[in-house]
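The values are calculated or read from the model by the stated rules, or taken from the named source; none is laboratory data. These numbers were taken from a predicted model, which means no experiment stands behind them. Cβ sites come from the backbone with ideal geometry, for glycine too, and all protein chains shown count toward neighbours.
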Amino acid sequence: MITMSMLLASLSMALGVVMLLSLYRVVRGPTIFDRLTGLGLIGSKTIVLLIVLGSWSEQVGLYVDIALSYGLLSFVGTLVLAKYFEVSSGAAGGPE
Amino acid sequence: MTVVSGAMLVLGFGFVFAGAIGILRLPDFYCRLHAMGKCDTLGVALMLGGLAVHEGLSLTSFKMLFVLLFVSLANPTATHALGRAAVRAGVVPWRSDKGQS
């Protein structure tokens, strides 16, 4: 019999393993955009991991606000970094 | 209700894991972006939906559904911004040299 607590604990460990797999692409990415892709993947896993851990420790009302604000910051960070490296890595068509 | 929530969690983790395998194994930046854009959005949305079902009807589950809505809007937008930035920075797509493998 698998209880919900066991499922949440094993899911949080499995999400950690998936984040480590994405970290390989951040370290070994050939271009800078590969690194940004792995970073975005780790960011969206972090949102789920926060809510899973909060729901495992019965304090999910505390963690869901942190997850929401982390999601906002990660999204804006990805957009700004994409725009920055689009300009600074020598655009083919020139700047806009 | 627990069965529905657990099934959504496990199914969502399957999609997330497929996305991670894709981002490790695919040969090109654009192929990896393809793996990130769809598998990751669907997997995260399914896992957040399963957690909201597990929580029941309250303000917390409403906040979880808002996180779900935000992720399903923001993740394709970030993927599109990354792809457009890579095209404008001159990353060439991968082509198969041999034709038949």
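Data table
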quantity	calculated
Some residue of segment A:47-63 being within 16 Å of B:A81 (Cβ to Cβ), among the β-branched types (V, I, T), over 16 Å from the mean Cα position of the chain (by Cα) and within 7 Å of chain B (Cβ to nearest Cβ)	no
Options B:A45, B:A78: the member that is assigned to a helix (DSSP H, G or I), out of contact with any Cys (no Cβ under 7 Å at 6 or more places or on another chain) and at the interface with chain A (Cβ under 9 Å from one of its Cβ atoms)	B:A78
Odd one out for B:L46, checked against (1) closer than 16 Å to A:V52 by Cα; (2) modelled with pLDDT under 90	(2)
Looking only at segment B:2-40, and only at residues there that are in contact with a Cys (Cβ under 8 Å, 6 or more places away or on another chain) and not β-branched (V, I, T), the one that is nearest to B:L51 (Cα to Cα)	B:F15
All positions within segment B:53-68 that are over 11 Å from A:G71 (Cβ atoms), more than 7 Å from chain A (Cβ to nearest Cβ), in a helix (DSSP H, G or I) and aliphatic (A, V, I, L, M)	B:V53, B:L59, B:L65
